[in-house]
Amino acid sequence: MRGTDHKGYGVIRNFLVWLQTEFGKGGGEVAQSWSEALLGSPNFWGLLEGTHLLSLMLFAGTIFVVDLRLLGVAFRRTPVSALSERVLPLTVFGFAMVVVTGLALFFAKPLVYYHNIWFRAKLIFLFLALVNIVVFHYRVQRNIAQWDTLAKPPASARASAAISLTAWLCVITLGRFIAYDWYECGKAIPHWINVAEDCAASEFGATDLKEVVE
Amino acid sequence: MTPADLFPTLAPWVHNLQNVWPAYVIKPQFATWEVLHILSLVVLGGASILLNLRLIGVGVTNEPASEVHRNLRLWLHVGIIGVVLSGLLIGMANAERLYNSAAFTVKIIALVAGVILTYGASAPIARADGQVSASAKVWWLIGLAVFLFGIGMLVTSKLINPGVFHVLTAAALIVLFATHGRMRWIYLAGLLVLIAAQWLGTHVVVKQTDFERLDPTNKAFAWVFAAWILGFAGWGLFGARPGAANRPLVQAVGYVTILVWVLAAAAGRWIAFA
């Protein structure tokens with residue numbers, strides 16, 4: 001990439017350019033920013049990516065079990081509160097690890113992620129999943145005493161579990177797709193994807209597939 | 001050691017594998033099948049972690065181990081079958097790379113150990129509420145030997161050996177969950193000191209560009225981490241809580257059966273890096 005010769009398109013992108021190319025940079029011609037140093041580290045990058053996946057196994061794997069209980073599929077004889085009390089600390093710990101490693105991975109390539117349609121879609125589903133947790137905590141769970149021991153919880157709890165499962169499924173799927181360069185800025189891609197990825201602001205520019213075909 | 005080193009005569013067959021059905025069908029949708037592989041790992045991870053933590057004596061301890069197993073066994077099957085099937089399909093479409101990957105060798109060894117430990121030891125012990133049969137003991141010993149062989153293979157393979165820190169991290173966290181009271185804080189403080197010492201040792205004492213000294217320094221720290229974690233795990237198994245939830249052998253099965261799947265997943269990820 002051309003580094004700091006961008007023309008400046010928006011506060012977020014400018015901040016990310018600074019984060020990737022300037023933040024932590026020392027003196028000298030070969031000095032690297034912290035972001036570049038992290039990306040170029042021979043083993044730490046791999047360890048971060050691996051830890052992100054392993055944390056996902058803990059986080060998503062355990063939230064999945066709680067969701068199955070809410071759907072009335074697993075642990076039907078165990079009160080929902082009793083299972084949540086034992087499993088959710090593991091889930092929260094896993095989530096913290098996923099967030100920390102995810103932020104570090106983002107820090108290593110902020111501009112790549114910023115102009116990636118899968119990453120942007122992932123953030124939407126992540127937001128949806130987090131809103132669902134808040135709604136479950138403050139609304140659905142309010143009368144848990146009435147259905148705590150039921151093998152099949154009420155429709156509102158089951159709906160919340162279904163939304164949770166779907167949202168995390170999408171987050172994981174989209175997260176994996178980020179690694180693929182099918183819709184990278186600069187390639188001939190549909191106009192709406194160029195817009196969605198804000199390719200015009202990227203160092204590679206926007207190339208509309210329709211214009212190339214014509 | 002790569003599969004190519006172990007089975008050199010298979011090279012032509014492996015080379016042609018991507019042209020065989022269903023590999024050529026899978027290849028264009030490789031990413032989708034990869035997602036299935038990861039989702040299977042997630043299902044397996046959740047089920048295996050909760051079941052084996054129960055054997056260690058933490059997690060869902062308000063239910064007997066047999067009840068935890070009864071509720072999770074379907075998802076264990078789904079996870080393992082999903083991992084194997086999706087792995088076979090994406091493996092066929094990516095055969096040449098796997099054939100030359102030491103990480104793939106480690107992954108397959110871990111997979112074999114994982115299946116042996118899960119179905120031969122962990123599940124039967126959970127089903128019997130902590131009673132260990134003679135056959136479970138035999139499968140435990142076989143599975144443990146295969147697991148240690150996989151660890152040995154990972155540690156001695158160039159370029160992928162940093163992956164052992166995944167197993168160490170997972171082991172460190174399980175011991176953290178399983179340790180109680182003041183010992184937990186001592187254990188955690190020791191871990192933090194070691195992490196700080198490793199950072200200083202590999203950034204200040206030895207420079208990041210000095211690869212000749214960096215590699216042995218990291219290896220030495222891996223051994224110190226392993227000794228610290230194993231020491232506290234051993235204390236938890238044999239020295240602490242005389243009336244503890246489960247017998248040392250049952251807890252050891254729980255520890256190793258979680259770690260074997262961590263090894264399989266970590267090795268799988270390192271296929272992409274080296």
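The values are calculated or read from the model by the stated rules, or taken from the named source; none is laboratory data. Everything numeric in this text was worked out from a predicted model, so none of it was measured. Please note: Cβ atoms are built from the backbone with ideal geometry, for glycine as well, and neighbour counts cover all protein chains shown. Note: accessible area is taken over every heavy atom of the protein model, side chains too, but ligands, DNA and RNA are not part of it. Shrake-Rupley method; radii C 1.70, N 1.55, O 1.52, S 1.80 Å.
A few points about this structure:
- Computed over chain B, Cα set: Rg, Dmax in Å: 20.0, 60
- Measuring nothing but how far apart in sequence close Cα pairs (under 8 Å, 6+ apart) lie, relative to its length, chain A scores a relative contact order of 22 percent.
- Dipole in debye (nearest 20) - the protein assembly as shown, about Cα centre, beta carbon charges: Lys, Arg +1; Asp, Glu -1: 1580 debye
- Taking a Cβ cut-off of under 15 Å around A:THR91, the surrounding Lys, Arg, Asp and Glu residues balance to a net charge of 0, with basic ones at +1 and acidic ones at -1.
- Centroid-to-centroid, using Cα positions, segment A:98-113 and segment B:99-136 are 34 Å apart.
- Over all pairs of different C-alpha atoms, segment B:1-66 has a mean inverse distance whose reciprocal, the Kirkwood radius, equals 15.6 Å.
- Percent of alpha-carbon pairs separated by more than 20 Å within segment B:53-122: 44 percent
- Cross-link check: pairs B:LYS107/B:LYS158; A:LYS122/B:LYS27; B:LYS27/B:LYS158 evaluated at a Cα-Cα cut-off of 27 Å; pairs beyond the cut-off: B:LYS27/B:LYS158.
- Dividing the helix sum by the residues of chain A, where each DSSP H run of 4 or more adds -39500 (n - 2.57), gives a mean residue ellipticity at 222 nm of -21000 deg cm²/dmol.
- Averaging the Cα positions of each part gives two centres, and for segment A:139-214 and segment B:206-241 these lie 40 Å apart.
- Estimated Rh, segment B:171-274: Kirkwood, alpha-carbon pairs, angstrom: 15.7 Å
- Karplus (6.51, -1.76, 1.60) ³J(HN,Hα), θ = phi - 60°, over segment A:181-198, in Hz, Gly and Pro reported as x: 9, 3, 10, 5, 4, x, 7, 6, 9, x, 4, 5, 6, 4, 5, 4, 8, 6
- 3J(HN,Hα) from dihedral phi, segment B:152-165, Karplus parametrisation 6.51/-1.76/1.60, rounded to Hz, x for glycine, proline: x, 5, 5, 5, 8, 8, 5, 6, 9, 4, x, x, 5, 5
- Per-residue 3J(HN,Hα) values for segment B:167-175, derived from phi via the Karplus relation 6.51 cos²θ - 1.76 cosθ + 1.60 with θ = phi - 60°, read 5, 4, 4, 4, 4, 4, 6, 5, 5 Hz in sequence order (x marks Gly and Pro).
- Relative contact order (%) - criterion: Cα under 8 Å, at least six apart; region: chain B: 29 percent
- For the residues of A:81-90, the average number of beta carbons from a partner chain within 10 Å of their own beta carbon is 4.
- For the protein assembly as shown, the carbon plus sulfur part of the accessible surface works out to 69%, probe radius 1.4 Å.
- Averaged over peptide A:35-45, the number of partner chain Cβ atoms lying within 10 Å of each residue's Cβ comes to 2.
- Sequence of B:ARG213, A:ARG86, A:ARG176 from largest to smallest accessible area, 1.4 Å probe: B:ARG213, A:ARG86, A:ARG176
- Globularity index of chain A, i.e. its alpha-carbon radius of gyration over 2.2 N^0.38 Å: 1.26
- Stokes-Einstein D (µm²/s) once Rh is taken as the Kirkwood radius of the protein assembly as shown over alpha-carbon pairs, at 25 °C in 0.890 mPa s: 100 µm²/s
- In terms of the mean number of neighbouring beta-carbon atoms within 10 Å, the peptides B:253-264, A:139-150 order highest first as B:253-264, A:139-150.
- Sequence ranges B:199-206, B:8-15, A:14-21, ranked by mean other-Cβ count within 10 angstrom, highest first: A:14-21, B:199-206, B:8-15
- Over chain B, dividing the summed -39,500 (n - 2.57) contributions of all DSSP H runs of at least 4 residues by the number of residues returns a 222 nm mean residue ellipticity of -24000 deg cm²/dmol.
- Partner shielding of B:44-53 amounts to 6, given as the average count of beta-carbon atoms from other chains within 10 Å of each residue beta-carbon.
- Segment A:135-214, relative contact order [Cα under 8 Å, separation at least 6], %: 20 percent
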